[in-house]
Amino acid sequence: MMDNATFHKKQSIQQVIIDAGHMVEYLPTYLKSPSYSGIASVTLKSSNIAVDDIIVYAKYRVPPLKPANKKVNFVGDVKTAKVGKIILNDADNNKIADGKNGFEFSTQLVDHNGNPVKQAGLVIKLRQEKGTIVSLPASSETDSDGGGDYYA
């Protein structure tokens, strides 16, 4: 599968590639000296936007492009995580009070740049303002995408 990264523009000492709609800066090979073994190094640098599944390609003179041996990801920063949104998942916001009905809510953790923090097992504390008249778990853990579902 071919990546959709395209050259965007030259900057003073860096070049910018657009990958999955996001700008990703990298240092081109001519800025770093090749080693005595003929190996040239390059650094892919993040912006402040999280990007998954980046494939770096290289070629010399003629195609084909050769993909790197692994995809890389720039992820959200768990150290700055906060609740980015809390959403009612039900279509209706009125249900009969019968002791059985409930509402499902979802949350998403984001970092200080608004990137999703994709980490399982983070504890989100929950509360509601009606005391013991309704029940809500005290907490919920995130899934591998950094979200959590719970019922009220």
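The values are calculated or read from the model by the stated rules, or taken from the named source; none is laboratory data. Every value quoted in this text rests on a predicted model; they were computed, and no experiment measured them. Cβ atoms come from the backbone with ideal geometry, glycine included; neighbour counts cover every protein chain shown.
For the reader, a short list of remarks on this structure follows.
- If you check 124, 96, 133 for being without any contact (Cβ under 8 Å) to a residue 60 or more places away in the chain and closer than 27 Å to residue 51 by Cβ, only one passes: 124.
- Picking from residues in the range 95-131 that are surrounded by 18 or more Cβ atoms within 10 Å (Cβ to Cβ) and touching a helix residue (DSSP H, G or I) at 6+ places or on another chain (Cβ under 6 Å), the one that is nearest to residue 79 (Cα to Cα) is 111.
- Selection within the range 132-152 - hydroxyl-bearing (Ser, Thr, Tyr), surrounded by 10 or more Cβ atoms within 10 Å (Cβ to Cβ) and not in a loop (DSSP other than H, G, I, E, B): 139, 140, 150, 151
- Screening 101, 73, 89 for residues that are touching a residue at least 60 places away in the same chain (Cβ under 8 Å) and either under 30 Å from residue 44 (Cβ atoms) or not acidic (Asp, Glu) (or both) leaves exactly one candidate, 89.
- When the test is whether a residue is surrounded by 13 or more Cβ atoms within 10 Å (Cβ to Cβ), polar (S, T, N, Q), within 27 Å of residue 115 (Cβ to Cβ) and modelled with pLDDT under 90, residue 15 passes it.
- Residue 119 vs. criteria under 14 Å from the mean Cα position of the chain (by Cα), in a loop (DSSP other than H, G, I, E, B), of a type outside the set (Gly, Ala, Ser) and on the phi < 0 side of the Ramachandran plot: yes
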